[in-house]
Amino acid sequence: MNLLIYKTLDELNQDLADYVIKIAEMSIEENNRFNFVLTGGSSPKALYELLATDCEHRIDWEKVYFFFGDERNVPATDDNYNGLMAKKALLDPLGIKEEHIFYVDTSLAPEKAAIEYKKVIDKHFAGEEVVFDLVLLGMGDDAHTASIFPQTDLVTNEEVNVASVFVEKLNTYRISFTAPLINKADNVAFLVFGENKAEALKHVVCDKEKNYSLYPSQLIDPIDGKLTWFTDEAATKLLED
């Protein structure tokens, strides 16, 4: 695990953008494509906008394919739909072709949406093992990541899959990659900032005895890939020296 700490959010996003570009360049050179899993919520918006502006000419976007690590069970036109934020901040400004973007079809029932999304992913990988080049993740102040929330079925799901989950605290369904699917990636990067994440980050990073049910982000441990945390001083203020 590599833990990077930044004084400002601007510095964090710039370095994370450079990291994305580096992984993209290597993936395109090796495989002629870059399979990139986006994270949702509001945290990555500034990063996406940076990639779409200052970094526009640093990646061959024609060879990038976009996926979503989780999605909310709302219509694709809803402001809470993760795909819509990415579409506005990153995908539309770059003019990404629709066939290079793999949205979760939330017009389907959650369980069906999860099944169909895994089928779409499998089709893209054309019989090869599903190993993403980069999975970008966030973390909530309850230590959830993707939609693997504390004390939900996804915590104990050992399948390399996409699954639906009912999140009781939110009284809603989500569709999410499972931890085993994320852990097959070549590179996984967490984007975590803000004082409200400090307590959760302390447990996820420092606890020697793991409690996945309470701190699901502890589940993320790539099998053969690299794990990097991009954080700020506020989020890491409780970490041990």
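Within the range 60-81, list the residues whose amide N lies under 19 Å from a label point set 7 Å along Cα→Cβ of GLU29.
Within reach of a label on GLU29: 60-65.
Which one is right for this structure if Cα extents along the principal axes in Å is calculated from it: (1) 44, 39, 35; (2) 59, 41, 35; (3) 80, 53, 46?
Of the listed options (1) 44, 39, 35; (2) 59, 41, 35; (3) 80, 53, 46, (1) comes from this structure.
Within 12 Å, Cβ to Cβ, of ASP18, how many net charges do the neighbouring residues add up to if Lys/Arg are +1 and Asp/Glu are -1? Before the final figure, lay out each step's value.
On the way: positive: LYS22, ARG58; negative: GLU11, ASP15, GLU25, ASP54.
Overall, the nearby charge balance is -2.
If we sort 197-203, 221-227 on the protection proxy, mean other Cβ atoms within 10 Å, highest first, what's the order? List each step's numbers first, then the result.
Numbers: 197-203: 20.1, 221-227: 14.1.
Ranking the peptides 197-203, 221-227 by packing returns 197-203, 221-227.
Quick one: accessible surface of HIS124, probe radius 1.4 Å, all protein chains present, in square angstrom to the nearest 10.
Answer for HIS124: close to 30 Å² accessible.
Hey, what D do you get for the range 164-208 in µm²/s if you plug the Kirkwood alpha-carbon radius into Stokes-Einstein at 37 °C and 0.692 mPa s?
Working: Rh = 13.2 Å.
The diffusion coefficient I find is 248 µm²/s.
Can you give me the distance in nm between label points at LYS119 and THR8, each placed 7 Å from the Cα along the Cα-to-Cβ direction?
For the pair LYS119/THR8, the computed spacing is 4.9 nm.
Which percent, to the nearest 5, of DSSP beta bridges fully inside the chain are antiparallel?
Details: 10 of 33 bridges.
Roughly 30 percent of the beta bridges in the chain run antiparallel, per DSSP.
Please list LEU84, LEU134, LEU108 from largest to smallest accessible area, probe radius 1.4 Å, with all protein chains kept in place.
I get LEU108, LEU84, LEU134, largest accessible area first.
Quote to one decimal, in nm, the extra length available between GLU199 and TYR212 on full extension: 0.36 nm per residue of separation minus the C-alpha distance between them. Working shown, then result.
Details: separation 13, 0.36 × 13 = 4.68 nm, distance 1.51 nm.
Using 0.36 nm per residue and subtracting the Cα-Cα distance, I get 3.2 nm.
Where does each of 7-17, 228-238 land if you order them by average Cβ count within 10 Å, highest first? Show your work: numbers first, answer last.
Numbers: 7-17: 16.0, 228-238: 19.2.
Peptide ranking by packing, descending: 228-238, 7-17.
The values are calculated or read from the model by the stated rules, or taken from the named source; none is laboratory data. Since the structure is predicted, the reported quantities are computational estimates derived from the model, not experimental observations. In this analysis, Cβ positions are derived from the backbone assuming ideal geometry, glycine residues included, and neighbour counts consider all displayed protein chains. Ligands, DNA and RNA are stripped out before the accessible areas are found, and what is left, the full protein with its side chains, is counted by its heavy atoms. Shrake-Rupley method; radii C 1.70, N 1.55, O 1.52, S 1.80 Å.
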